[in-house]
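Asker: Could you have a look at this structure, given as structure tokens, before my questions?
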Amino acid sequence: MHKRKTFIQSTLAVTCAALFVAACGGGGGDSAGTGTLRTAMTDAPSCGYDNVFVTVDRIRVNNSANAEPDGAGWSEVVLEQPRQIDLLDLQNGVIEELGEVTLPVGRVQQVRLVLMDNATADPADIEFDPDADPSRAPNHVVFSAGGFEDLKTPSGEQSGVKINVGIDVAEGEVADLLIDFDACQSVVEAGGSGNFLLKPVLTAIPRLSSGVRGSVADALVPEGVSVSLQQDGEVVRATAPIESTDLDENGNFILAQVTPGTYDLVFTAPGFVTKVVTDVVVPEGELVNLDPDSTTAVDENEIVLLPATVEGDAVGTVTNTDDMKPATFVDITQTLSVGATVLINSAQLSYETFDSAGVVTGMGDTAGYSFTLPVDAPEVAPYTSTGTFNFTIDTAVEGDYMVMAIAEPVDLTPVVQTAAASFDPGFVGTVDAPREVITNDFDFSSAPAS
């Protein structure tokens, strides 16, 4: 599964955050032989959307993996009021508590996330997200490319979306369950109809205290700086720029809920030179602090990005003549001299056209992409526990990028086409064409569509 940082020209990166789903729970009060299950929800980095609104009604849990939706043994975490949540809104360690439930001692093997049904929901009952338009459906998506669509939830209401788990509830203790809601994979177009389905891709993962924290220069906050933790060019966690919840006014960031391992930390901003800290080791249960002196008056360890002196444009089209279009992305990666490949920019393409009211008016066979990239060589430094990084200019990869077009049919292996984009640092532009432009076109017409 691709988990990419998403940029749509303005370098918007949508990412992960922890949403703690719990609530006044059913299942009885405290007594001998009971424990507490605390459930939570997070979203994997998403793609191509400014908002993915879902409205959670309740969470059902059962000790039997084979229990039928209308069978016995169910306990419920019931919200006082169905709550609409933007999966892309909780970032940089922000947590929204929703409750917990008391359960008999034992192993929880099945969880069902129940969403409100757009067709039957009463708006008066819903606690809407403050950034959402309450006149729209409780579940809907807002596209970064423009427009919005309701999300039909064929499997999300009534019985709920099933998640197989295996989590032990011990007597007198709290067991944690984190539901990873992959917004990117969960929004699916219903053929060429212009209708979009919410088919939640949910995974139960451990709730982790490990991750990375640090800071960037205060001046970069309004510039749209994005910070991402990556492995082999795949974004694991990232901040979204230009949002007060993503970086605070002092430029501090937190990338939490990270599986222990070794990562590359990538800093990008429109019009600035990329910076990469390689081989950041995240131990289990530790929030690694990259900026140990962040509380001092003179902060020597914050990350500063330099303005790019030369930029180039990577443009092109992606064609698919099939009636059913797979989810399609264009990624821009750069392979450093030390061997690490990092994702610099990414966008999900839309084949749909919209009218001024945001309604889908049709579907074409070709979609365009356009990225503006720094030609200046990236600055790279190996990780050190002191937080003082020795950045060097990686001149060997100056202006060299890989353009990857990726078609991701549902339940099938992604199809990938690649092309190089190597910009000339000494390019001399004109008034009409101040930047070098490299064009690569891709064609997925023969790729499987579903």
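Bear in mind these aren't lab numbers, they're just calculated from the coordinates by the rules spelled out. These numbers come from a predicted model, not from an experiment. Positions of Cβ are generated from backbone atoms using ideal geometry, with glycine treated the same way; all protein chains shown enter the neighbour counts.
Asker: Using the Cα centre of the range 311-443 as the reference point, and only Cβ charges (+1 on K/R, -1 on D/E), how large is the resulting charge dipole? Debye, rounded to the nearest 20.
Answerer: 280
Asker: Would you kindly state how much longer the chain becomes between residue 395 and residue 372 on full extension, computed as 0.36 nm times their sequence separation minus their alpha carbon distance, in nm to one decimal?
Answerer: Here the segment from residue 395 to residue 372 would lengthen by 6.3 nm.
Asker: Taking amide H atoms as placed 1.01 Å from N in the peptide plane, list the residues 5 or more away in sequence, or in a different chain, whose amide H sits under 5 Å from that of residue 305.
Answerer: When sequence neighbours closer than 5 places are left aside, the close amide H contacts are 217.
Asker: Same structure, new question: Going by average Cβ neighbours within 10 Å, how do the peptides 375-384, 160-169 rank, with the highest at the top?
Answerer: Final packing ranking: 375-384, 160-169.
Asker: To continue, here is another question. Does the range 311-443 come out rounded, prolate or oblate by the C-alpha gyration tensor, with a ≥ b ≥ c the root eigenvalues, rounded set by a/c under 1.5 and, if not, prolate when a/b is larger than b/c and oblate if not?
Answerer: Prolate, because a/c is 1.5 or more and a/b exceeds b/c.
Asker: While we're looking at this one, here's another question. Applying a 10 Å radius around every beta-carbon, put 307-319, 113-125, 257-269 in order of their mean neighbour count, most first.
Answerer: 257-269, 307-319, 113-125
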